[in-house]
Amino acid sequence: MSSFLQSFLDPKKSWLPALHMKSLSKRLRKYGLRYDDLYDPYYDLDIKEALNRLPHEIVDARNQRLKRAMDLSMKHEYLPENLQ
């Protein structure tokens, strides 16, 4: 049963999760975020290890995107269209 549920929730195999991921990515772009920026390194140790293995430039860019998104969210603004 769990393999059926996993295949149902996989965006590559089913249209409903793909539609959700597309709409969520569209909303995140308004703040300058990527879908992968939502992963929390404190919640999952694999994410923490993956971030430790990435080059510092990529991790710094991710942190800057998160800071900018929090700032925009507090100001109730979106990024301009040319920066999205």
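The values are calculated or read from the model by the stated rules, or taken from the named source; none is laboratory data. In this text, all values refer to a predicted model and were calculated from it rather than measured experimentally. Note: ideal-geometry Cβ built from the backbone for every residue, glycine included; neighbour counts use all protein chains shown. Protein only, heavy atoms only, side chains kept; ligands, DNA and RNA dropped before computing areas. Shrake-Rupley method; radii C 1.70, N 1.55, O 1.52, S 1.80 Å.
Among what's in segment 67-84 and is of a type in the set (Asp, Glu) and in a loop (DSSP other than H, G, I, E, B), pick the residue that is surrounded by the most Cβ atoms within 10 Å (Cβ to Cβ).
My answer is Glu77.
Could you say which residue among Leu28, Leu16 is in a helix (DSSP H, G or I), open to solvent by 70 Å² or more (accessible area, probe 1.4 Å) and of a type in the set (A, V, I, L, M)?
Only one candidate qualifies: Leu16.
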